[in-house]
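Since the structure comes first, as structure tokens, the remarks are kept for the end.
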Amino acid sequence: MVLDRRTGQRGGLQHPGGCCCVAPGDHCDLYVCRHDVKSSIICVATLSSSPLARMGATVTAIDAVDKNIKIASIHAASDPTTASIEYCCATAEGLVKEKRLFDAVISLEVIEHVANPLEFCESLSALTIPNGATVISTINRSMRAYATAIVAAEYILRWLPRGTHEWSKLVTPEELVLMLQKASVEEMAGFVYNPLSGEWSLSDDISVNYIAFGVKKGEASSTNDREANLS
């Protein structure tokens, strides 16, 4: 059983790990399951909220667009396994001002769309409790990613509207690790899409889509790091 630090309500899960899920993308479930990051979850952007709720999590889903929240609320209410999701029109930065805390923060396919990725990562860190988890998925700024995620997906296959992704805003794994200074990145994996089965799978290839799992340093860890730097 786990405890939602905001409501005090218990969820029927075996491992602690409340999450702030910041972004859409059903393929994230693979990584979430792998690390047992399930419990009190806040999803920024709403597409990931339903799959996570079906996994047994207590989910709060947020989106900056009120229309998206209303549509997602109607959709979730039709399924008993997702009817408990709390939807809010808000941003991660807004939740920081409310001093909300979560066992884990999950940001999926969002960081490549924000104006300031570093400040965004700082907000995610502020929402995470010490020793809590941070999970971020995005697209690598590589030539292969440009060819597949932009040229192919947007201009040839038309899976996404043209201009959905800007090359200059894509974040490399190395840059993401530096941005997540307060969350020690412990594992990174790539996502590979199989067009024949229509399914995503984890891969060692992080040249296009990838996801990072980190743990926010607790007070003891931060103190030890400072002492080590001074010595």
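Determine, for each peptide in 70-80, 158-168, 112-122, the mean count of other beta carbons within 10 angstrom over its residues, then list the peptides with the highest first.
Listed from highest to lowest mean packing, they are 112-122, 70-80, 158-168.
Quickly rank 48-55, 82-89, 192-199 as a protection proxy: mean count of other C-beta atoms within 10 Å, highest first.
Ranked by mean Cβ neighbours within 10 Å, highest first: 48-55, 82-89, 192-199.
To make sure I understand, if each residue's beta carbon is the centre and we count other beta carbons within 10 Å, what order do 129, 106 fall in, fewest to most?
129, 106
Computed FRET efficiency, Cβ-Cβ of residue 168 and residue 83, R0 45 Å: what is it to the nearest 0.05?
0.65
Residue 175 label point, 7 Å along Cα→Cβ, cut-off 20 Å on backbone N: hits in region 130-164?
Inside the label zone: 135-154, 163-164.
Treat each spin label as a single point 7 Å out from the Cα along the C-beta direction, and report the residue 96 to residue 129 distance in nm.
Result: 2.1 nm between the two label points.
Arrange the following residues from fewest to most other Cβ atoms within 10 Å of their Cβ: 128, 148, 138.
Lowest count first: 148, 128, 138.
Among 67, 216, what is the fewest-to-most ranking by other Cβ atoms within 10 Å?
Result, fewest neighbours first: 67, 216.
Read-outs throughout are calculated quantities, based only on the coordinates presented, and are distinct from any laboratory measurement. The structure displayed is predicted, hence computed values, not measured ones. Cβ sites come from the backbone with ideal geometry, for glycine too, and all protein chains shown count toward neighbours.
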